[in-house]
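All remarks here apply to the structure that follows.
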Amino acid sequence: MSSRQSPTRAGYRRNGLKASCETCRKRKTKCDHKRPVCTYCDTHQLQCFYHPAPMSKPRSKPGTASNSPLSQHTVPSQKTPPAISPHNRSTPNQDNASSILQILSSAESGVPIPKTFVSQLHEQRTEARNLDSIKEILASLRFLPRIAGCVKSFVSLASFSHVPRYVVEELLAKLPLRVNQGNIECSGGIEKLAARVLASSSSAVRVPIDADMHTFCDLFTGPNLRIETIGLVLTHTAMSLLFHRNTKQIPDPELVSEMLYCGRLSLELARTLAPEPNDVLLWLSFSNMCLIDFLEGATSVNVWRRMCDLSVDMLALNIHRESSHSADKLPFYLSEIRKRIFATTNHFDKMRAVEMNRQPCIRLQYADCAPPLDIPEKDLFSPTILADKNKILTEIGWNRNSTLSVMSASRVRYMVAHFEEELIDTKISTDPDRDTRLRQLSTRLSAAWDELPQYVKYTDDCWTSIDVWNCLVLATLYLDYNNIQFNLLSSLKSSTYIPMELVTISWQMLELILRISKEQNSGRLSTEDLPTMLLSHGVPSAALLLNALQDVNEGSSRVQLPAEVQRAAVIKKVSVLISQLDIAATKTESNHFICERAAKFISDCLDAVLDPPSAPTGPLNTDSNIPDGTLADAPLSSQDGWFDIPSDLLAGYPSLVEQGWPNWAGLNMDYYAVPELHEP
C-alpha cells in the first residue's frame, strides 16, 4: 500500500522539528507525522516517504539515469505505458493496453484510485459527518436483544430468502458489542467503535479463495465491523416486524421507525464509503429494495431507484460474467450465492418492466453467467461440497433428490427472465414479422417449461401433498410462466379473435390467484405479495375473461370458450376477486389506491356482462352500462398487463417518507398471519 522508509533523521528538519512527508510537503498540507504512514496518505492510498534533502537536486552522470526513486530522469519504460513509449511507436498491442479499463485493471494498479483531493477542511468535515452518522446508526443497536430475536425468527421462517440465513445469523452473533439495560457496551467506547467502523467501511474487501463461511463473516463483523453489516441486520429486523407478525400484534412504532431510518442510512453511507461493492452491501441493497416495495407499493419510483442501484452493484462486481465466478477468484459458495441473487433480481427487473412498461435495468444480452446450481443452502456451505457436487446434481445442474430450495426457484426465474427480456424487445418491434416472432417465442417458452423437472412445477394437489410454503413458491413460478404467455398472446396485432389458449391461461391464473388468497385467509400461509399478485395477474385475467363473455353474449365469433371455462364459474370467480381487491383496498395496504380503483373497474366490467345494454335502434346510446376505457372496447393488441386498467387508475400515488415514516400505523397490521415471533 505504501512505501516505508527507515525512521532516521530523514523525518526531521535541520531545526529538529518533524518534517512533513513528501506528499504533504508538495501539496502544502499539514502532515500529522504518523509512522510508518501518515493519516492523509493512508486515507488516500498514496505513497508516504520522507525525502532526506527535499531542497536538493538529484545528481546523476551525463547520459545515465539515477538509481534513486526520487530521480526525475527515469527511463521511458518506467514512466510511460509500453504502448506509448518513445521507444515503442509501433501499433499498440490490443491485448495489453487497448483500453483504459485494461490499463486500470493491470497488476501494477493494486490499490483503488484515490478520490480527487478538494481541501483538507472538506475532508475533515466529511469525516466528522460520517462519524456522526455511524454513531447514530450504532445507537439504534440499543435494541439489540429485540433485534436478535426478530432476525432469528425472520431467517428461520424465510426458507426461500435470497440472503443466506446462516451468514446473517453469524454476522449478528459476532457483533462486537453488548447491551446492558439499554446501554451499549463495547471495547474502547462508542467513539472508538465508530472510528473502527468508519475505517473498515472505507476499505475494500478481499475474500480469499479458500475462505469458509466463518472466515468470510470475520471480514464484515467483529473487529472488522462494517456499516453494511449493521444495515443488513437492521433491515432484516424491519422486515421481520412488517412481513411476519401475529394477527393482533402491532409493531412498536419507535422500533420500526428506527430500523427503517437507520437501515436506509446505513445503505447510503455504505455506498459512499466503500471503494467498491461487496456481497454484504449487495444483500443489504436487495433487502432494502424488497422492504421499500412492501412499504410504498409496486408503482413507487423509489423501488425503481433501488433496482437501478442494485443493478449497478451487481454489474460492478461482474456477476453477469461467468469468468468472474472461476475457482481461482471466488469461493464456490459465494459464487453460487451471487448467481442466485443475480437470477432473482433479473426476474424482478423484467417482471416490473413488463407490468409498468418501463425500461429494464439489466440486459441479459450482455450476460453470459450460468444459472445457479440447485444445491440446498445447508449443503452449499459444506467443506466437502466440491467433492459431493456430482452426487447432488444432475448433468444440467438440477437436484438429484428433487429437493425444492431457493436455488431451484432461482434457476426457474433465470430462465423466465430471458423470455421476459425477449418479450419486451419483441413487443416494441415494428418488424413485419413481429407476430410470428411472438408466436415462436411462446412455443419456445412452452418447450422450455416442459423440460423443467417435475418438482419445480405446480400441480393442483400440491396444497395437500407438500409443505404449503413450497407450494406457494411453485404457484408463484407457475404464475410467472403464465403471465409471459398471457402477454405474448395478447400482444398479437394480427389477431381478430381472442385465442382459445389465451382464455385458458387467464382462467388458470385467476383460479390460482384465488386459491392462494383462500390459503392466506385460512391462516395457513402469509405472503406480503398477494395484493401485487391480485393486480398483476388477477385483474388482467378477469378483464379478458369478461371481455370473452361479453363477446359470447353478443354472438360474436371472436372467441370460443374452452370446455372448462363456464359462464357461471367465471362470474363467481370474478366476484370473489372483487371482494379480495376490496379487502386489499383498505388504507392498511400500500397498493390500496390501485386495488380500490381496480375493484371498481372490474365491477363495472362485470355489470356490463350481467346487465348488457339493449341493442340501440337509433343513434349510439351514450348511457351504456359498458364502462369507458374497459377491455370490452379495447382491441386485443392494446392489452398490456397493469395497463389494461385505465391510466387514471395509477395517478396520484402518495409515497411514504422513510425518515419520519408518519404513516407506519397505516401499514397492514391484520392481513398477514404467520407463527408469532419470539422476542427475548
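Quick look at the numbers
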read-out: About the Cα centre, charge dipole magnitude for region 111-238 (Lys/Arg +1, Asp/Glu -1 at Cβ), debye; value: 240 debye
read-out: Which listed pairs, of Lys391/Lys518; Lys427/Lys600; Lys350/Lys573; Lys350/Lys493, have C-alpha distances above 31 Å, in listed order; value: Lys391/Lys518
read-out: Added length on full extension, which subtracts the Cα-Cα distance from 0.36 nm per residue, Arg206 to Arg358; value: 51.1 nm
read-out: Full-stretch length increase - Lys28, Ala569 - with 0.36 nm per residue and alpha-carbon distance subtracted; value: 186.5 nm
read-out: Cubic angstrom per residue, convex hull over Cα atoms of region 419-578; value: 124 Å³
read-out: Net dipole in debye of region 318-457 [+1 Lys, Arg Cβ; -1 Asp, Glu Cβ; about Cα centre; nearest 20]; value: 260 debye
read-out: Whole-Å distance, taken between Cα centres, linking region 262-311 and region 159-215; value: 19 Å
read-out: GluC sites (Glu not before Pro) within region 341-446, DSSP loop, no more than 16 other Cβ atoms inside 10 Å; value: Glu395
read-out: Region 339-367 versus region 515-552: alpha-carbon centroid distance in Å; value: 23 Å
read-out: For region 20-28, 3J(HN,Hα) per residue [Karplus equation, 6.51 cos²θ - 1.76 cosθ + 1.60, θ = phi - 60°, Hz, x = Gly/Pro]; value: 7, 5, 5, 5, 5, 5, 5, 7, 6
read-out: Unit charges at the beta carbon, dipole of region 120-298: most positive-side option, Met289, Val207, His122; value: Met289
read-out: Size of electric dipole in region 11-52: Cβ of Lys, Arg +1 and of Asp, Glu -1, about Cα centre, debye, nearest 20; value: 240 debye
read-out: Value of Rg to Rh for region 167-300 (Rh from inverse mean 1/r over Cα pairs, i.e. Kirkwood); value: 0.98
read-out: Förster radius 60 Å - calculated FRET efficiency between Gln365 and Ala128 (Cβ-Cβ, nearest 0.05); value: 0.85
read-out: Distribution of pairwise C-alpha distances over region 164-218, 5 Å bins, in %; value: 4, 15, 18, 23, 21, 13, 5, 1, 0
read-out: In nm, spacing of pseudo-spin labels at Thr459 and Arg515 (7 Å Cα→C-beta vector); value: 1.2 nm
read-out: Inter-site label distance for Asp425 and Tyr497 at 7 Å from Cα along Cβ, in nm; value: 3.3 nm
read-out: Kirkwood hydrodynamic radius (C-alpha pairs) into Stokes-Einstein, region 318-457, 10 °C and 1.306 mPa s, D in µm²/s; value: 97 µm²/s
read-out: Inter-label distance for Gln47 and Arg444, nm, one decimal - labels placed 7 Å from Cα along Cα-to-Cβ; value: 5.4 nm
read-out: Fully extended contour minus Cα-Cα distance, from Asn180 to Ala327, at 0.36 nm per residue; value: 48.5 nm
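Every number here is computed from the coordinates shown, using simple stated rules; none is lab data. Small disclaimer: the values here were computed from a predicted structure and weren't measured. Cβ coordinates were reconstructed from backbone atoms using ideal geometry, including for glycine residues, and neighbour counts include every protein chain displayed.
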